[in-house]
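FYI, it's all coordinate maths here, none of it is from the lab. Everything numeric in this text was worked out from a predicted model, so none of it was measured. Backbone-built Cβ (ideal geometry, glycine too); neighbour counts: all protein chains shown.
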Amino acid sequence: MMNGDATFVAPATPYGHSGLAVVRINGPESLAVVQKLAPKIKGDDRKAVLSKIHTTTGELIDECVVTYFKSPKSYTGDDMVEISCHGSPSIVDILLEQILSFGVRSAEPGEFTKRAFLNGKIDLIQSEAIASLIQSKTSSSAKINSNTLDGLLSKTLKLLSKKQIVLLGEIEHALDISEDEVSEKFLDHCRSEVSTLKYKFDNLLSTYNVGKLLNDGICVTITGKPNVGKSTLLNQLSGLEKALVSNQPGTTRDLVEVMLDLDGIPIRFVDTAGIHQTDDKLENMGIDKAVKMINKSDLVLYVSDDINCKFSINYDVPYIKIINKIDLHKSTLKDNSIIHISAKNGQNVDILLKKIKKALMINTISSSTPHLTTLRQKEALSLCLEDLKAALQSLNEVRPNLEIVALELRSSLNSLESLLGKTTADDIMNTVFAKMCVGK
């Protein structure tokens, strides 16, 4: 259970050997605790101080750079200290042990960011963006998550929220002062405003698929019979010898993966065991893995080296038919559904990549456009949009009931506030922060 009054500590850098490691202490006792280990620290706000840190028995731990951030000018909005030490796990462990001995507790996952949220430094969307930014797999996803953290999506939503509030105020004013029916001109104005809001929310909701792809990535499985060039294709796509290539059938028995950046979308290509009938126990285990991988994929590349292959494919996922070893074939099939390639020399692999992009509907991504990136965001905005649709439907009735329209607009605003974290259930909020690393 998180206690906002307590002082807590955690490493802010991954555990392991590195040039530097950072340990964060947050809370009212953070400065006092550090001063027990390094009396030289006087508590000058935002000033980095080089200081030797000792144990309570006087043994040197390390020479560190210590920076004190006085509330509210810190990441969390609380008093906070960052200790930059040499990146040895042993040094970090000793440092943490000493800090914990003063009654400081270990931070929970995402607790630093949760304090920032609770102190009004960031909203819930920006909180989610921090976790997404850390996990970004491509430069495009990093840019979009960085823009979200900078407030691009939040500002867009707040602007739309403001427009709804203005419209709701106009409707409630009309209800207060009007003794008769409101004018058709005012109703047309309301219809126009709600239609515009609905259009903008629709556009924003349409960004979710791209945002999700950027953060989660796409899985493309390479399958086919043994020895048709699946591993060679993986190596050609990656530019590396990730998969073992041999003329011996059954060489690939386990899944071999490589992550590629295709126009900003992270794509995980998976090479699988050749699918065929065999009595070999190990090969059958590999084939079982291959089948399971195919069923989990977003796209399947079915590879054959037989120019007369009939491609009897029964998958519940999209697939592309490929005939490999074009360099050894005297002719090609005139079938637009089949791509002829040479995985060995790269012939037509560029065409294959274009077909993959088309199959996955990957288009040029604008990192300057706000994107929804989490299911929570999508669901909250969908509820908001449903209420706007209901409001527009009410306005289009023969005798619109503005009280019902006002109720629907208020419900839409509530969904927006939930999206930004202004009115969010504790269990939902805790789930957001629990996905983060401990030092964040």
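Details
- Taking a ≥ b ≥ c as the square roots of the eigenvalues of the Cα gyration tensor, an a/c ratio below 1.5 marks segment 217-359 as rounded.
- Burial ordering of Cys219, Cys85, fewest other beta-carbon atoms within 10 Å first: Cys219, Cys85
- Segment 64-102-segment 305-334 distance, computed between alpha-carbon centres (Å): 59
- Each Cα pair under 8 Å and six or more residues apart adds its sequence gap; the mean of these over the residue count of the chain is a relative contact order of 17 percent.
- Magnitude of the charge dipole, the chain, Cβ model with Lys/Arg +1 and Asp/Glu -1, debye to 20: 1460
- Using θ = phi - 60° and Karplus 6.51 cos²θ - 1.76 cosθ + 1.60, couplings along segment 363-370 (whole Hz; Gly, Pro as x): 10, 4, 9, 9, 6, 8, 8, x
- In terms of its alpha-carbon gyration tensor, segment 262-320 comes out oblate; a/c meets the 1.5 threshold, while b/c is at least as large as a/b.
- Remark: segment 217-359 carries a charge dipole of roughly 340 debye about the Cα centre, counting +1 on each Lys and Arg Cβ and -1 on each Asp and Glu Cβ.
- Amide H contacts of Tyr75: none lie under 5 Å away among residues 5 or more positions distant or on a separate chain (H built 1.01 Å from N in the peptide plane; Pro and chain starts excluded).
- Three-way shape label, the chain, alpha-carbon gyration tensor, a/c 1.5: oblate
- In sequence order, calculated HN-Hα J values of segment 57-64 (Karplus, 6.51, -1.76, 1.60; Hz; x Gly/Pro): 9, x, 7, 5, 8, 5, 9, 10
- Karplus (6.51, -1.76, 1.60) ³J(HN,Hα), θ = phi - 60°, over segment 152-159, in Hz, Gly and Pro reported as x: 4, 5, 4, 5, 4, 5, 5, 5
- By the rule of a C-alpha distance below 19 Å, with chain neighbours fewer than 8 residues away ignored, the aspartates and glutamates paired with Lys310 are Asp335.
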